[in-house]
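K.L.:
After the structure tokens below, expect a handful of questions from me.
The values are calculated or read from the model by the stated rules, or taken from the named source; none is laboratory data. Keep in mind the model is a prediction, meaning the values are calculated, not measured. These accessible areas exclude ligands, DNA and RNA; they are computed on the full protein's heavy atoms, side chains included. Shrake-Rupley method; radii C 1.70, N 1.55, O 1.52, S 1.80 Å.
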Amino acid sequence: VVKMVNAKGAPKLSYFAYHKPLGIIRSENSEKEPDIILPRELSGFFPVGDLDKKAHGLVIVTNDGRITGRLRDPQTKPEEEYTVRVRGKLRSSFRAKMTAGVEIEGFKTKPQHVKILGENLFAIALKEEKSNQIRRMCVALFQEVTDLKRTRIGTISLSGLKPEEHRTIEGEDLAKFLKSLGL
């Protein structure tokens, strides 16, 4: 793999949108599960952010350590969007309750933006996210998650990527993304 460098000899900062498949983990909190194995052309880069073994979707891959903290800090963390499929039909009160915030394990989640996409499918956008928050919110509302897919992080979309595929984030997309992180 050829490393790109800038005029000063430092590695060129690069950013990629990667579709993490089901069955592998992306979490700094686990040493027991297999971590993402990136395609050869992304060696030397690292995935940023958590996405558990039972979830799939967008992960940002980069060699820019500055964005790791920005993606975790509540002040700079961008909104993340997920599509969620549940077993059975969504209850008629589901959207209203999710939108208002849900009491889970001693805390109430912040109000969420929720869009119903089908009888057992919805999209949710979160700025704040605690561990397995979407799954726990659904359980509290008597719904079982069968598929959880992250489709957007800030201004970056999963759009068009199949599992294990990636694309370079560059140009205007990169400028908007970095600006949203305060960089």
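K.L.:
Return the subset of LYS89/LYS127; LYS54/LYS110; LYS115/LYS179; LYS20/LYS89; LYS115/LYS149; LYS20/LYS149 for which the Cα-Cα distance in this structure is over 21 Å, preserving the input order.
P.N.:
Over 21 Å Cα-Cα: LYS89/LYS127; LYS54/LYS110; LYS115/LYS179; LYS20/LYS89.
K.L.:
What share of the DSSP beta bridges in the chain is antiparallel, in percent to the nearest 5?
P.N.:
90
K.L.:
What accessible area per residue comes out for segment 66-183, rounded to a whole number of Å², with a 1.4 Å probe? It would help to have the intermediate numbers written out before the result.
P.N.:
Details: 6710 Å² over 118 residues.
Accessible area per residue: 57 Å².
K.L.:
Oh, and also: Please give the length that would be gained between ARG95 and LEU22 if that part of the chain were fully extended, namely 0.36 nm times their separation in residues minus their C-alpha to C-alpha distance (nm, one decimal).
P.N.:
Using 0.36 nm per residue and subtracting the Cα-Cα distance, I get 23.7 nm.
K.L.:
Give me the tail of P(r) for segment 94-182 as a percent: Cα-Cα pairs with distance above 23 Å.
P.N.:
Counting every Cα pair in segment 94-182, those more than 23 Å apart make up 36 percent.
K.L.:
May I have the extent of the alpha carbons of the chain along their three principal axes, as whole Å values ordered from largest to smallest?
P.N.:
Result, largest extent first: 58, 31, 30 Å.
K.L.:
Now for a different question. Using a 1.4 Å probe on the protein heavy atoms, what percent of the accessible area of the chain belongs to carbon and sulfur? Present the calculation step by step, with values, prior to reporting the outcome.
P.N.:
On the way: 5440 of 10380 Å².
Summing carbon and sulfur atoms, their accessible area is 52 percent of the total for the chain.
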